[in-house]
Amino acid sequence: MAKKVSINRITKRTPINRLALARVRTNLKAVGIGNYNLFLPETKQLANMLMEDEKVAAAVYGHHATGRGAMFVTPSRVIFVDKKPFFLHFDEFGFMIIASVTFTRSGPYGTVTLHTRGGDYVIRTMNILAAENFVKAIEELVIKSSPNQAQRSDNI
């Protein structure tokens, strides 16, 4: 007798670990992310991307060239996530390829630009505090990961 295959099993999306999602939401709340952003698809996707012991040091949510997205900083990498229905774009990279980070404020909006060897990541946000924390975390972690910290600080 042939085995029945459930349609749900074939079409089911990648399950999100609820414990990981709760851990990520708690971590994001601690770094200054508002409640609205905790329930966005980018946050749910981040729960599947982080390692068990990895924590987010800073995050910024907002709009970029193709819609809504988010950037997250952990002690070991930066993650850019753009999640839409039937579409997922994410990039992750180490601190060695980051050239600079800039923050510009215009009225209630702020723009964070992360310049890397692979291109620029620009996010426009209304959460100014989160954007400032993101820039500060990037600057600290880039300097910390630099093999020649003394030489780097002399050239700045």
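Working only within region 75-99, note down all residues that are of a type outside the set (A, V, I, L, M, F, W, C), within 20 Å of Ala137 (Cβ to Cβ) and touching a helix residue (DSSP H, G or I) at 6+ places or on another chain (Cβ under 9 Å).
So in region 75-99, the residues of a type outside the set (A, V, I, L, M, F, W, C) come out as 75-77, 82-85, 89, 91-92, 94.
Still in the list and also within 20 Å of Ala137 (Cβ to Cβ): 75-77, 91-92, 94.
Those that are of a type outside the set (A, V, I, L, M, F, W, C), within 20 Å of Ala137 (Cβ to Cβ) and touching a helix residue (DSSP H, G or I) at 6+ places or on another chain (Cβ under 9 Å): Pro75, Ser76, Arg77, Glu92, Gly94.
Do we have any residue at all in region 102-119 that's assigned to a strand (DSSP E or B), in contact with a Leu (Cβ under 9 Å, 6 or more places away or on another chain) and surrounded by 15 or more Cβ atoms within 10 Å (Cβ to Cβ)? Before the answer, list the steps.
Residues of region 102-119 that are assigned to a strand (DSSP E or B), as a first pass: 102-106, 109-116, 119.
Of the ones still in play, those that are also in contact with a Leu (Cβ under 9 Å, 6 or more places away or on another chain) are 102.
Subset that is surrounded by 15 or more Cβ atoms within 10 Å (Cβ to Cβ): none.
No, region 102-119 has no match at all.
For region 24-37, give me each residue that is more than 21 Å from His89 (Cβ to Cβ), out of contact with any strand residue (DSSP E or B) (no Cβ under 7 Å at 6 or more places or on another chain) and either part of a loop (DSSP other than H, G, I, E, B) or not polar (S, T, N, Q) (or both).
Residues of region 24-37 more than 21 Å from His89 (Cβ to Cβ): 25-27, 29-32, 34-36.
Among the residues that remain, those that are also out of contact with any strand residue (DSSP E or B) (no Cβ under 7 Å at 6 or more places or on another chain) are: 25-27, 29-30, 32, 34-36.
Across region 24-37, the qualifying residues are Arg25, Lys29, Ala30, Gly32, Gly34, Tyr36.
Just to be sure, is Ala99 loosely packed, with under 13 Cβ neighbours inside 10 Å and in contact (Cβ under 8 Å) with a residue 40 or more places away in the chain?
Judged against the criteria, Ala99 is not a match.
Which of the residues belonging to region 46-68 are touching a Lys or Arg at 6+ places or on another chain (Cβ under 8 Å) and buried (at least 21 other Cβ atoms within 10 Å of the Cβ)?
Selection gives Ala58, Tyr61, Gly62.
Looking for something in a helix (DSSP H, G or I) and open to solvent by 70 Å² or more (accessible area, probe 1.4 Å) - is there at least one such residue anywhere in region 121-135?
Yes, because at least one residue in region 121-135 is in a helix (DSSP H, G or I) and open to solvent by 70 Å² or more (accessible area, probe 1.4 Å).
The values are calculated or read from the model by the stated rules, or taken from the named source; none is laboratory data. From a predicted model like this one, the values you see are computed outputs, not experimental measurements. Every residue, glycine among them, receives a Cβ derived from its backbone with ideal geometry; neighbour counts consider all protein chains shown. Quick note on the areas: whole protein, heavy atoms, side chains included, nothing else; ligands and nucleic acids left out. Shrake-Rupley method; radii C 1.70, N 1.55, O 1.52, S 1.80 Å.
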